[in-house]
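Since every read-out is calculated from the coordinates, none of them should be taken as a lab result. Since we're looking at a predicted model, the values are computed, not measured. Note that we place each Cβ from the backbone using ideal geometry, even for glycine, and neighbour counts take in every protein chain shown.
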Amino acid sequence: MDDKEFWRSEKVAFLALASVKGVGFWTIQKIAQSGAGYKDLLKEPEKAGLDKIFREAGFDGLEGQEKLWNVGLASARNLAASAVVLLFKNEPSFPSKLRKIPDAPEWLFVQGNVENLEKHAVAIVGTRKPSDDGLFLTRYVVSSLAKSGFVTVSGLALGIDQIAHSESVRYQLPTIAVLGTGILQNYPKGSEPLRLKILQAGGTVITEYLPEQSYSAENFVRRNRLQAALGDILIPAEWQIKSGTAHTVKFAHKYEKRIINVYLPGTMPDKPELDFSANSYGAINLQIPFDTNKLMNEYNLISNSKTQSEIAQSIPTEITTPVDESVSSSSNTVDSSENSESGQLPLI
């Protein structure tokens with residue numbers, strides 16, 4: 001089996017496992033970290049202690065294996081219809097910024113432009129209930145990035161996040177939305193029009209959660225580490241010391257990212273988070289508009305460094321691993337190499 005066929009089979013098997021009631025995110029996470037193959041576990045679920053769960057779900061024996069494989073194929077086609085790509089951490093095309101963090105995701109669902117995940121980026125996050133000052137500062141920061149070549153990163157949440165995304169679209173900046181739910185979930189409710197605008201404008205939507213996985217407080221905390229990892233700079237436009245955004249700030253410090261707070265003249269005494277993050281995490285506090293030149297200098301420091309994709313392009317091609325994103329056929333049973341009934345299944 002060639003490398004392309006191997007990854008395709010593993011992804012169909014992964015999606016099949018994800019569809020089984022009783023096999024959730026953390027179970028599959030443990031399987032991934034053990035190094036076991038997903039396709040092998042469909043044949044021998046007892047190796048992961050899943051045989052009882054498979055029996056109770058009606059996927060027992062050879063007939064059950066084939067039935068479950070076809071469920072995986074159907075899930076793959078459903079994702080492909082929404083232009084969603086599934087990447088595993090060990091694949092060459094997996095985002096390098098995410099692979100190198102100590103708590104890297106084992107897989108990633110990506111909708112939209114995958115290349116954005118390798119570009120210089122500014123993560124702009126904050127409260128779901130922003131003040132007028134917070135809204136102004138978010139718009140100011142995004143406008144300062146116009147024509148910079150950066151992408152922006154945020155979480156599609158109400159408040160600061162959605163403003164960061166919508167303003168990015170306004171200034172033709174590709175923007176990355178990092179979800180705290182599955183890729184097929186509509187959360188927060190009513191965010192679909194903005195999500196569509198992000199994709200139409202060349203942006204990207206990503207998540208590590210299973211396609212239909214719902215939200216939880218824990219999911220959003222874990223999601224925040226991906227925002228911090230993708231951003232070369234983190235700008236928490238408006239936040240508090242005890243908040244979801246505070247987790248993002250902490251992750252950014254852990255990953256040795258630049259953290260920049262922005263504030264308006266005369267408001268610093270009312271913002272204890274500024275001194276807190278400066279003292280605890282080495283954050284830089286910039287007064288807007290007077291410190292705008294300092295903000296631009298921070299952007300220049302990042303933009304003058306090479307991205308991982310630029311580093312890869314500078315290496316002689318004969319020693320790099322090519323990424324083939326072509327479309328080809330897949331098997332329709334666990335052991336068969338015949339084409340799927342649709343003839344073609346995108347390499348997801």
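Here the sum of -39500 (n - 2.57) over DSSP H runs of 4 or more residues, divided by the residues of the chain, equals -13000 deg cm²/dmol at 222 nm, to the nearest 500. Distance between the C-alpha centres of the stretch 140-171 and the stretch 1-63: 39 Å, rounded to the whole angstrom.
Of 56, 273, 192, the residue with the greatest mean-square motion in the GNM of the chain, using alpha carbon springs below 10 Å, is 56. Taking Cα centre as origin and charging only the Cβ of basic (Lys, Arg, +1) and acidic (Asp, Glu, -1) residues, the dipole magnitude of the chain rounds to 940 debye. Largest mean-square fluctuation among 280, 166, 143, in a Gaussian network model of the chain whose springs join Cα atoms under 10 Å apart, belongs to 280. With the Kirkwood sum run over all distinct C-alpha pairs, the stretch 166-233 has a hydrodynamic radius of 12.5 Å. For residue 228, the shell of other residues with beta-carbons less than 9 Å away shows a net charge of +4, using +1 for Lys and Arg and -1 for Asp and Glu. Database remark: amide H of residue 286 closer than 5 angstrom to the amide H of 261, 262, 263 (H placed geometrically; neighbours at sequence offset of 5 or more, or on other chains; Pro and chain starts carry no H). Classification of the stretch 88-166 by its C-alpha gyration tensor yields a prolate form. The axis ratio a/c (a ≥ b ≥ c) is 1.5 or more, and a/b outweighs b/c. Ranked by the mean number of other Cβ atoms within 10 Å of their residues, highest first, the peptides 241-250, 8-17 fall in the order 8-17, 241-250. In the stretch 2-67, the inverse of the mean reciprocal separation of distinct Cα atoms equals 11.9 Å; this is its Kirkwood hydrodynamic radius.
Beta bridges assigned by DSSP with both partners in the chain are antiparallel in approximately 35 percent of cases.
Straight-line reach from residue 89: which lysines fall under 17 Å, measuring Cα to Cα and dropping same-chain residues less than 8 apart? Cα-Cα hits under 17 Å: 4, 11, 30, 39, 97, 100.
For the chain, the normalised intensity computed at q = 0.08, 0.10 Å⁻¹ comes to -0.42, -0.63 (log10 of I(q)/I(0), Debye sum over alpha carbons, equal scatterers, no solvent). Multiplying each eigenvalue of the alpha-carbon gyration tensor of the stretch 102-308 by 5 and taking the square root yields semi-axes of 25, 18, 17 Å, largest first, rounded to whole angstroms. For the chain, relative contact order (Cα pairs under 8 Å, six or more residues apart, normalised by length) works out to 17 percent.
Beyond 14 Å, what share of the Cα-Cα pairs of the stretch 258-305 is found? Please give it as a whole percent.
More than 14 Å apart: 52 percent of the Cα pairs in the stretch 258-305.
Ranking of 183, 160, 31 by neighbouring Cβ atoms within 10 Å, starting from the fewest: 31, 183, 160. The spacing between the stretch 207-221 and the stretch 82-102, judged by their C-alpha centroids, is 17 Å.
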